[in-house]
Amino acid sequence: MKKGWTEVALGDVLERVERFENRDEFNSYQFAGTYSYARGIFRGDLRQGYSFNLPRVQRIKNGDFIYCKIMAWEGAFGLAGSEVNDCVMSGAFVAYITDQRIVHPRYLSFWFKSEKNWKSVAATSTGTNVRRKSLHPCDFERNRICLPPLAEQQRIVAHLDAVEERIKRVQTLREEQDHELLAALRSAFHKIEATADWVEMGEVAALVRRPVEIEPDGRYPELGVRSFGRGAFHKPDVLGIETTKRLFEIYEGDLLFSNVFAWEGAIAVAQKDDHGRFGSHRFMSCVCDRDRVLPEFLQFYFLTAAGLEKIGQASPGGAGRNRTLGIKKLENITVPIPSIKLQHEFLKLLTLRNRIKEKVDKSTQRREALLPSLLDRIFSEASVTSQ
């Protein structure tokens, strides 16, 4: 331990507070919650008292340090900001006020953002199953932390605040840039769309199934499709001996639809590294007549508000997660088909935007990785122990 540092129990610098009140059916309650992985506190839903069954709720205040007893194992720790002042939480959450004569609240908040730190505290949860583990306040408070002098804490907080602010500022600029690029793309798309003929999907992009005969000793690398137009992703291999589901091979250029999540944008074009992977019967793979339409053009259309509305109408069902896109309904959707030349010109713009976005995403990931690395270096002296 460095000279001037002290070891204290969390219970010595945090005072548990309870601001419970009985639920009133006629009142409105603004709820808050904790993000996982120590990413802070968020403002949740506004709910009427008659709409939930909690007999009591507790008020939280700006500056409270909060954790969730049943989700501590997943890093449900954070410092409440002004945006959640006077919100409510259930009794599963524990709130504390900080003794600012000993510890700076923001220092404690940053300390918990270090993964090894919150995991050390979370490890004192008790229970036989991960999902049933709970961190009792007394166990939480027994954990000990090494603290530098308050002036040093303030210096560290000022430095980390500045780093975090720079990261947020760059991220905001990147988001604004992408928003402008996407707006330009949409404008170009709508100009091209105005020149298009409208034909049924089945006429230009037929559904193609490539069934696979499952071998017991075979390995079948699966493909998934993310919602909200976020593309395809690779899933672990499925062992032939362990699966009973039907699998279908996917080729590069296939226009893919998840029939259960297409209504929320689970639509993608298979790329080169997706070729030869497999999808379950829950996926529809359409092969475009490339003399008439490009899969990327159709994907862009289906991710517009108008396209998603048609997918939604072709996905009957009850609650959102029970909606299923029908094959015949998909084939009957009318889609815009401008000249193939205009589609290729649009594809150049789309490719440019995607390349810029890919570079920006990689840059953002590197910047976001800076803070955890910095936290680990700074807090290496402030390790946690439990009694």
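The values are calculated or read from the model by the stated rules, or taken from the named source; none is laboratory data. Everything quoted here is computed from the prediction, not taken from an experiment. Note that each Cβ is placed from the backbone with ideal geometry, even for glycine, and that neighbours are counted across all protein chains shown.
Structure notes:
- Of the strands (runs of 3 or more DSSP E) lying entirely inside region 239-313, those carrying at least 1 residues that are more than 19 Å from TYR220 (Cβ to Cβ) are 255-258, 267-269, 283-288.
- Hits in region 81-114 (condition: more than 15 Å from GLU15 (Cα to Cα) and hydrophobic (A, V, I, L, M, F, W, C)): VAL84, CYS87, VAL88, MET89, ALA92, PHE110, TRP111, PHE112
- Just one residue in the set THR324, THR351, THR334 is of a type outside the set (A, V, I, L, M, F, W, C), modelled with pLDDT under 95 and more than 18 Å from ALA184 (Cβ to Cβ); that residue is THR324.
- In this structure, ARG292 does not satisfy being in contact (Cβ under 8 Å) with a residue 60 or more places away in the chain, more than 19 Å from ARG230 (Cα to Cα), buried (at least 19 other Cβ atoms within 10 Å of the Cβ) and of a type in the set (Lys, Arg).
- Any hit, region 3-19, residues being over 20 Å from PHE140 (Cα atoms) and not in a loop (DSSP other than H, G, I, E, B): no
- Residues that are in a loop (DSSP other than H, G, I, E, B) and either without any contact (Cβ under 8 Å) to a residue 40 or more places away in the chain or within 18 Å of CYS138 (Cα to Cα) (or both), drawn from region 62-89: ASN62, ASP64, LYS69, ILE70, MET71, GLY75, ALA76, ASN85
- In this structure, ALA92 does satisfy being in the same structural domain as ALA32 (by TED's automatic domain parsing) and within 24 Å of GLU18 (Cβ to Cβ).
- Residues in region 201-209 include none that are closer than 21 Å to LYS310 by Cα, within 28 Å of the chain's Cα centre (by Cα) and hydrophobic (A, V, I, L, M, F, W, C).
- Residues within region 95-150 that are in a strand (DSSP E or B), among the aliphatic types (A, V, I, L, M) and surrounded by 19 or more Cβ atoms within 10 Å (Cβ to Cβ), tallied: 3
- Looking only at region 357-380, and only at residues there that are without any contact (Cβ under 8 Å) to a residue 24 or more places away in the chain and farther than 16 Å from ARG174 by Cβ, the one that is nearest to the chain's Cα centre (by Cα): SER373
- Residue satisfying all of: in region 52-69; polar (S, T, N, Q) and within 25 Å of TRP118 (Cβ to Cβ); nearest to the chain's Cα centre (by Cα) among these: ASN62
- Condition met for LEU298 (under 17 Å from ILE333 (Cα atoms), without any contact (Cβ under 8 Å) to a residue 40 or more places away in the chain and surrounded by 15 or more Cβ atoms within 10 Å (Cβ to Cβ)): no
- Residue check for ARG43: part of a strand (DSSP E or B) and either surrounded by fewer than 21 Cβ atoms within 10 Å (Cβ to Cβ) or at pLDDT 95 or above (or both): yes
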